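The values are calculated or read from the model by the stated rules, or taken from the named source; none is laboratory data. Note that the structure is predicted; figures quoted are calculated from it, not measured. Reconstructed Cβ throughout: ideal geometry from the backbone, glycine too, with neighbour counts over all protein chains shown.
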Amino acid sequence: MARKTMIEAIRDAMDVSMGRDERVIVFGEDVGFFGGVFRCTAGLQAKYGKSRCFDAPINESGIVGAAIGMAAYGLRPCVEVQFADYVYPGYDQIVSEAARLRYRSNGDFTCPIVVRMPSGGGIFGGQTHSQSPEALFTHVSGLKVVVPSNPRDAKGLLIAAIEDPDPVIFFEPKRLYNGPFDGHHKRPVTPWSKHELGEVPDGHYTVPLGKAAIRREGSDVTVLAYGTMVYVAEAAAAETGIDAEIIDLRTLLPLDLDAIVASVSKTGRCVVVHEATQTSGFGAELATLVQENCFYHLEAPIARVAGWDTPYPHAQEWDYFPGPARVGRALVETMEA
Amino acid sequence: MTDTGMLRFHVPEPEVRPGGAPDFSNVPIPRAGSVPRPEIDVDPREIRDLAFSIIRVLNRAGEAVGPWAGLLSDEELLEGLRHMMTLRAFDARMQMAQRQGKTSFYMQHLGEEAVSCAFRKALAPGDMNFPTYRQAGLLIAGGYPMVTMMNQIYSNEADPLKGRQLPIMYSSKEHGFFSISGNLATQYIQAVGWAMASAISGDNRIAVGWIGDGSTAESDFHAALVFASTYKAPVVLNVVNNQWAISTFQGIARGGSGTFAARGLGFGIPALRVDGNDYLAVHAVAKWAIERARRNLGPTLIEHVTYRAGAHSTSDDPSAYRPKAESDAWPLGDPVIRLKNHLIRLGVWSEERHAQAEAEILDTVIAAQKQAEEHGTLHSGNKPSTRDMFEGVYEQMPPHLRRQRQQAGV
């Protein structure tokens, strides 16, 4: 078992999948010869040829639409959108086509595609390289939505996504590509080579879609998080000394409601965190589910910590990013409520 | 049952990859002065061949030749040279500032200075550009203060955009420069919409759209062409073909079409190709297209044939996907050197004066930089406030944002 960055783990997932199944096709902008602007597909064209891994014209609608057509033929495309912020021209193809193909044709045609895209902020990318648009996809019936938080999960989840019979939107929190970033932006980031979740098994394995992981067991309060915010929550728990149980959701749809209910029933308190803007964010869905399923166990109102409802700013990145101080404050307030 | 054989999948490839010798022998370069200049009200069907040639004015000897020459005075040419040199010096300083951590990101114009600098001089006050991230010459040649550009790049306290937008995504209505979004091709159709509005309003101002070779693949490019064609919008649609879209060579966006200009033909839009490294040619073609638009003769598509001599951005390393010496082999040369040689040939410029101007321009740029840095840089000095982050989402701040601003304690 080797230690890998998240980029290497994601590349490994595609490599393993392409090696096992010649129906798996990888394409996107700068994905072929160069291997992607984040290098997630580096070497795949050289290894599998230009018919299996190639550069696409800059047209996200075209990338997703072509993938749907290939899936209808019987292939299993795993395509890259260069940044989640660029997915919107492809949104119609995802929402009106990929998500509904199985339903409207009653299974006559299906759409086993994966649309990968780097998401989230923390790199001074401004409003066009920082967004977390997961809620725009969880709101659409027929899609699955995955957000890994570490290399080991990223590989297993991506292989599961590629093998899944339905369309999967696969977000890659780009600030986690090289290490578990906890929001302390002035401190050096621990590389994945020094983190146990950077240990990535060789060959084929899957992490099932719909299973959360408990990253930190605790008894005081449940924190529901995914992606980068898992590490921000860990830092907040450590700094406040609050015994938080941190659940890494890993997939937002399907959602592991059992894990959420079991934890909140035990702790009686819940803080929901995400980097995406707050209003109509996925946190609203989580808070509602907790209220519906755990109301009589709750000892405090459910708290939400999220990105402010503004476009992602450039200079004020760290005022915007919901870092450990804000999450810690929510933990303290929830304990005191 | 069939004798067609097995289907094969086709993926276009550039002529040369790293390690190979640069080769542009596949790029036909017509002689300077050889392409005719049609009447302004020409029927687009009569000039279809202009979409496959290259309009050039400056020849190898530094002379301005042919029917597109003769529009600019010596003073105007000297000013043009100064604008291009200023943009180049500005880029070099800001590229270095990014490397020094004074900002997060930068995109330079190296090799493409003529396109935006020359085009700007053909416009009239009130006309509106919808630029991409590589047309800062529109601002430099339009007299926009360099210090303000730097304040934006530094996201400092004097940044007119309050630190909200990525470096170089300028905005200035006053200078005919629409806010750059950073998404690709989205603003091409907006240029057409602005032009339609000008026509609806009986105005005489025109709009200018800008796009790169790679982004012509986006659906919004095609939306712009069909709207421009249908409504005969007073718009000039520029395609800056600098050969590379990050690592992707222009053939991926162009496909089986001979040129990007040819995209206009199916829409009945007159389409011209111009030597983008020839200040005089860019200016002459811009003048022609702008006049057509202003005389209610409709849209024109211009493909500027140029070469991105630098990296795509400070996040890019081109040596991974193209030969290192490729830019030296580019057959259309360097726009600054070509105009310099022309002015020397005219007897109004010299190597000595050029070197002196270079030094003066650098001093001016450094002085502007000092002034900008007094207002702070991205990571030091004075910054836009956290309060600014919550402003301007709406004209009136809704209650939920007001509450969030209170939570943020600002």
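Hey, can you tell me all the residues within the range B:204-217 that are in contact with a strand residue (DSSP E or B) (Cβ under 8 Å, 6 or more places away or on another chain) and either farther than 25 Å from residue B:121 by Cβ or within 14 Å of chain A (Cβ to nearest Cβ) (or both)? Can you show your working first?
Taking the range B:204-217 and keeping what is in contact with a strand residue (DSSP E or B) (Cβ under 8 Å, 6 or more places away or on another chain), we get B:205-216.
Of everything in the range B:204-217, those that are in contact with a strand residue (DSSP E or B) (Cβ under 8 Å, 6 or more places away or on another chain) and either farther than 25 Å from residue B:121 by Cβ or within 14 Å of chain A (Cβ to nearest Cβ) (or both) turn out to be B:211, B:212, B:213, B:214, B:215, B:216.
One residue is enough: does the range B:40-63 have a residue meeting the conditions within 14 Å of chain A (Cβ to nearest Cβ), in a loop (DSSP other than H, G, I, E, B) and out of contact with any helix residue (DSSP H, G or I) (no Cβ under 6 Å at 6 or more places or on another chain)?
Of the residues in the range B:40-63, the ones within 14 Å of chain A (Cβ to nearest Cβ) are none.
No.
Yes/no per residue for (1) closer than 30 Å to residue A:15 by Cβ; (2) in contact with a helix residue (DSSP H, G or I) (Cβ under 9 Å, 6 or more places away or on another chain); (3) of a type in the set (S, T, N, Q):
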{"residue": "A:219", "(1), (2), (3)": "no, yes, yes"}
{"residue": "A:226", "(1), (2), (3)": "yes, yes, no"}
{"residue": "A:238", "(1), (2), (3)": "no, yes, no"}
{"residue": "A:244", "(1), (2), (3)": "no, yes, no"}
{"residue": "A:249", "(1), (2), (3)": "yes, yes, no"}
{"residue": "A:269", "(1), (2), (3)": "no, yes, no"}
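What single numbered condition from (1) farther than 27 Å from residue B:243 by Cβ; (2) assigned to a loop (DSSP other than H, G, I, E, B) fails to hold for residue B:108?
Result: residue B:108 passes all but (1).
Could you list, in sequence order, all residues of the range A:36-48 that are crowded, with 17+ Cβ neighbours inside 10 Å, more than 10 Å from chain B (Cβ to nearest Cβ) and among the aliphatic types (A, V, I, L, M)?
A:44
From the list A:115, A:140, which one is of a type in the set (A, V, I, L, M) and crowded, with 24+ Cβ neighbours inside 10 Å? Steps first, answer last, please.
Values: A:140 fails: crowded, with 24+ Cβ neighbours inside 10 Å.
Every option except A:115 fails the conditions.
Among the residues that make up the range B:168-179, is at least one of them part of a strand (DSSP E or B), crowded, with 24+ Cβ neighbours inside 10 Å and either away from chain A (no Cβ under 13 Å) or out of contact with any helix residue (DSSP H, G or I) (no Cβ under 9 Å at 6 or more places or on another chain) (or both)? Give the derivation first.
Restricting attention to the range B:168-179, the residues satisfying the condition of being part of a strand (DSSP E or B) are B:172, B:177.
Now restrict to residues that are crowded, with 24+ Cβ neighbours inside 10 Å: none.
No, the range B:168-179 has no match at all.
Quick one: count up the residues across the range B:367-407 that are among the basic types (Lys, Arg) and facing another protein chain (nearest Cβ under 9 Å).
Initial filter on the range B:367-407 (among the basic types (Lys, Arg)): B:370, B:383, B:387, B:402-403, B:405.
Add one more test, that the residue is facing another protein chain (nearest Cβ under 9 Å), and what stays is B:383, B:405.
Residues flagged as among the basic types (Lys, Arg) and facing another protein chain (nearest Cβ under 9 Å) within the range B:367-407 amount to 2.
If you take the residues in the range B:334-383 that are more than 24 Å from the chain's Cα centre (by Cα) and of a type in the set (Ser, Thr, Tyr), which one is nearest to residue B:99 (Cα to Cα)?
Applying the filter and picking the extreme gives B:377.
Among the residues of the range B:397-408, are any outside any loop (DSSP other than H, G, I, E, B) and either assigned by TED's automatic domain parsing to the domain that holds residue B:145 or within 10 Å of residue B:154 (Cα to Cα) (or both)?
no
Restricting to helices (runs of 4 or more DSSP H) lying wholly in the range A:221-298: which have 3 or more residues that are free of Cβ contacts under 8 Å to residues at least 12 places away in the same chain and not assigned by the TED database to the domain that holds residue A:171? So that I can check it myself, show each step before the final result.
Working: elements: A:229-240, A:257-267, A:282-294.
In the range A:221-298, the matching helices (runs of 4 or more DSSP H) lie at A:282-294.
For (1) modelled with pLDDT of 95 or more; (2) more than 13 Å from chain A (Cβ to nearest Cβ); (3) more than 21 Å from residue B:374 (Cβ to Cβ); (4) not in a strand (DSSP E or B), each residue gets a yes or a no:
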position: B:123; (1), (2), (3), (4): yes, yes, yes, yes
position: B:151; (1), (2), (3), (4): yes, no, no, yes
position: B:188; (1), (2), (3), (4): yes, no, yes, yes
position: B:192; (1), (2), (3), (4): yes, yes, yes, yes
position: B:196; (1), (2), (3), (4): yes, yes, yes, yes
position: B:202; (1), (2), (3), (4): yes, yes, yes, yes
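Counting just the residues of the range A:302-312 that are in a loop (DSSP other than H, G, I, E, B) and either touching a His at 6+ places or on another chain (Cβ under 7 Å) or not aromatic (Phe, Trp, Tyr) (or both), which one comes out farthest from the other protein chains (Cβ to nearest Cβ)? Steps first, please.
Quick first cut of the range A:302-312, residues in a loop (DSSP other than H, G, I, E, B) only: A:302, A:308-312.
Next cut, either touching a His at 6+ places or on another chain (Cβ under 7 Å) or not aromatic (Phe, Trp, Tyr) (or both) only: A:302, A:309-311.
Working: A:302: 16, A:309: 6, A:310: 5, A:311: 7 Å.
Selected residue: A:302.
Taking into account only those residues within the range B:245-298 that are small (Gly, Ala, Ser) and within 14 Å of another protein chain (Cβ to nearest Cβ), which is nearest to the chain's Cα centre (by Cα)?
Keep residues of the range B:245-298 that are small (Gly, Ala, Ser), which gives B:245, B:247, B:251, B:253, B:255-258, B:261-262, B:264, B:266, B:268, B:271, B:276, B:281, B:284, B:286, B:289, B:293, B:298.
Then keep just the ones that are within 14 Å of another protein chain (Cβ to nearest Cβ); that gives B:245, B:247, B:251, B:253, B:255-257.
Values: B:245: 13, B:247: 19, B:251: 19, B:253: 18, B:255: 22, B:256: 24, B:257: 22 Å.
Ranking the candidates gives B:245 first.
If I filter the range B:27-35 for residues that are surrounded by 14 or more Cβ atoms within 10 Å (Cβ to Cβ) and under 22 Å from the mean Cα position of the chain (by Cα), do I get at least one hit?
Yes.
Could you identify the single residue in A:180, A:208, A:151, A:188 that is at pLDDT below 95 and at negative phi?
On the way: A:180 fails: at pLDDT below 95; A:208 fails: at pLDDT below 95; A:151 fails: at pLDDT below 95.
After ruling out the rest, the residue left standing is A:188.
Looking only at the range B:372-408, count how many residues are buried (at least 17 other Cβ atoms within 10 Å of the Cβ) and closer than 12 Å to residue A:310 by Cβ.
First, the residues of the range B:372-408 that are buried (at least 17 other Cβ atoms within 10 Å of the Cβ): B:372-373, B:375-378, B:383-384, B:386, B:388-390, B:401, B:404-405.
Add one more test, that the residue is closer than 12 Å to residue A:310 by Cβ, and what stays is B:386, B:388-390, B:401, B:404-405.
Residues flagged as buried (at least 17 other Cβ atoms within 10 Å of the Cβ) and closer than 12 Å to residue A:310 by Cβ within the range B:372-408 amount to 7.
Hey, could you check the range A:313-327 for residues that are among the aromatic types (Phe, Trp, Tyr) and either part of a strand (DSSP E or B) or more than 9 Å from chain B (Cβ to nearest Cβ) (or both) and say which is surrounded by the most Cβ atoms within 10 Å (Cβ to Cβ)?
In the first step, residues of the range A:313-327 are kept if they are among the aromatic types (Phe, Trp, Tyr); the result is A:318, A:320-321.
Now restrict to residues that are either part of a strand (DSSP E or B) or more than 9 Å from chain B (Cβ to nearest Cβ) (or both): A:318, A:321.
Numbers: A:318: 16, A:321: 23.
Restricting to residues being among the aromatic types (Phe, Trp, Tyr) and either part of a strand (DSSP E or B) or more than 9 Å from chain B (Cβ to nearest Cβ) (or both), the top hit is A:321.
Please go through the range B:256-271 and give me each residue that is closer than 19 Å to residue B:28 by Cα, surrounded by fewer than 24 Cβ atoms within 10 Å (Cβ to Cβ), in contact (Cβ under 8 Å) with a residue 60 or more places away in the chain and not polar (S, T, N, Q), ordered by number. Walk me through how you get there before you give the answer.
In the first step, residues of the range B:256-271 are kept if they are closer than 19 Å to residue B:28 by Cα; the result is B:256-263, B:271.
Next cut, surrounded by fewer than 24 Cβ atoms within 10 Å (Cβ to Cβ) only: B:256-259, B:262-263.
Retained after the next criterion (residues that are in contact (Cβ under 8 Å) with a residue 60 or more places away in the chain): B:258-259, B:262.
The answer is B:258, B:262.
Could you look through the range A:49-77, keep only residues that are assigned to a loop (DSSP other than H, G, I, E, B) and of a type outside the set (D, E, K, R), and pick out the one that is farthest from the other protein chains (Cβ to nearest Cβ)? Give the derivation first.
First pass over the range A:49-77, keeping only residues assigned to a loop (DSSP other than H, G, I, E, B): A:49-52, A:56-59, A:74-75.
Then keep just the ones that are of a type outside the set (D, E, K, R); that gives A:49, A:51, A:56-59, A:74-75.
Values: A:49: 9, A:51: 4, A:56: 7, A:57: 3, A:58: 5, A:59: 5, A:74: 14, A:75: 11 Å.
Across the range A:49-77, the extreme among qualifying residues is A:74.
Against the condition crowded, with 24+ Cβ neighbours inside 10 Å and of a type in the set (S, T, N, Q), how does residue A:127 come out, does it pass? Let's see the steps before the verdict.
Numbers: crowded, with 24+ Cβ neighbours inside 10 Å: no; of a type in the set (S, T, N, Q): yes.
Answer is no for this residue.
Within the range B:153-167, track down each residue that is closer than 21 Å to residue B:364 by Cβ, surrounded by fewer than 24 Cβ atoms within 10 Å (Cβ to Cβ) and facing another protein chain (nearest Cβ under 10 Å).
none
Here's a check for you: in the range B:87-104, which residue that is buried (at least 21 other Cβ atoms within 10 Å of the Cβ) and part of a loop (DSSP other than H, G, I, E, B) is farthest from the other protein chains (Cβ to nearest Cβ)?
B:102
So that you can scan it fast, the table gives a plain yes or no per residue for (1) of a type in the set (Val, Ile, Thr); (2) assigned by TED's automatic domain parsing to the domain that holds residue B:285; (3) surrounded by fewer than 16 Cβ atoms within 10 Å (Cβ to Cβ):
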residue	(1), (2), (3)
B:295	no, yes, yes
B:301	no, yes, no
B:304	no, yes, no
B:307	no, yes, no
B:318	no, no, no
B:335	no, yes, no
B:338	no, yes, no
B:343	no, yes, no
